[in-house]
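The values are calculated or read from the model by the stated rules, or taken from the named source; none is laboratory data. Please read all numbers here as calculations on a predicted model, not as lab measurements. Reconstructed Cβ throughout: ideal geometry from the backbone, glycine too, with neighbour counts over all protein chains shown. Calculation scope for accessible area: heavy atoms of the full protein, side chains included, ligands and nucleic acids excluded. Shrake-Rupley method; radii C 1.70, N 1.55, O 1.52, S 1.80 Å.
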Amino acid sequence: MAKYLLLKHYRGAPAPVNNVPMDQWSQDEITAHIQYMNDFADKLRSTGEFVDGQALAQEGAWVRYDGEGRPPVTDGPFAETKDLIAGWMIIDTDSYERALELAGELSAAPGKDGKPIHEWLEIRPFYGNAPTITE
């Protein structure tokens, strides 16, 4: 089995078909979207393909080491992850093709007016082992 990270983006990906921001959805539409995500995760739990998943809060900051005895530096000149990544799911599948199939199904979560979002998801394989550097 191979693990894949499915990333849901706020922006940075091509626009989804049902491109209405969540802050313009009704509470019922938000509830239906979350229920779809939970049902999808439960389905993958039953097949042994679900590893973990979370929605991310918009709060957050960039942090980096700034040298011995100095406090960490926060923020920077880059787009913040909180503006880009809405959530993630880790799946463990038998093949890349199965991972694509599941990502496509997840992309169909309902949005505004109960219509599928058809959002673009980023799919990234995990390294089985740390990459080795050859010289």
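Of the residues Ser107, Ser95, which single one is surrounded by 14 or more Cβ atoms within 10 Å (Cβ to Cβ) and polar (S, T, N, Q)? Let's see the steps before the verdict.
On the way: Ser95 fails: surrounded by 14 or more Cβ atoms within 10 Å (Cβ to Cβ).
From the options Ser107, Ser95, the qualifying one is Ser107.
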Given (1) surrounded by 11 or more Cβ atoms within 10 Å (Cβ to Cβ); (2) in a loop (DSSP other than H, G, I, E, B); (3) at pLDDT 75 or above; (4) of a type outside the set (Lys, Arg), index of the condition Ala61 fails: (3)
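Please specify each residue of the stretch 22-51 satisfying the condition of being on the phi < 0 side of the Ramachandran plot, in contact (Cβ under 8 Å) with a residue 24 or more places away in the chain and open to solvent by less than 60 Å² (accessible area, probe 1.4 Å).
Correct list: Trp25, Glu29, Ala32, His33, Met37, Phe40, Ala41, Leu44, Glu49, Phe50.
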For Asn18: the one exception among (1) touching a strand residue (DSSP E or B) at 6+ places or on another chain (Cβ under 7 Å); (2) at pLDDT 90 or above; (3) among the polar types (S, T, N, Q): (2)
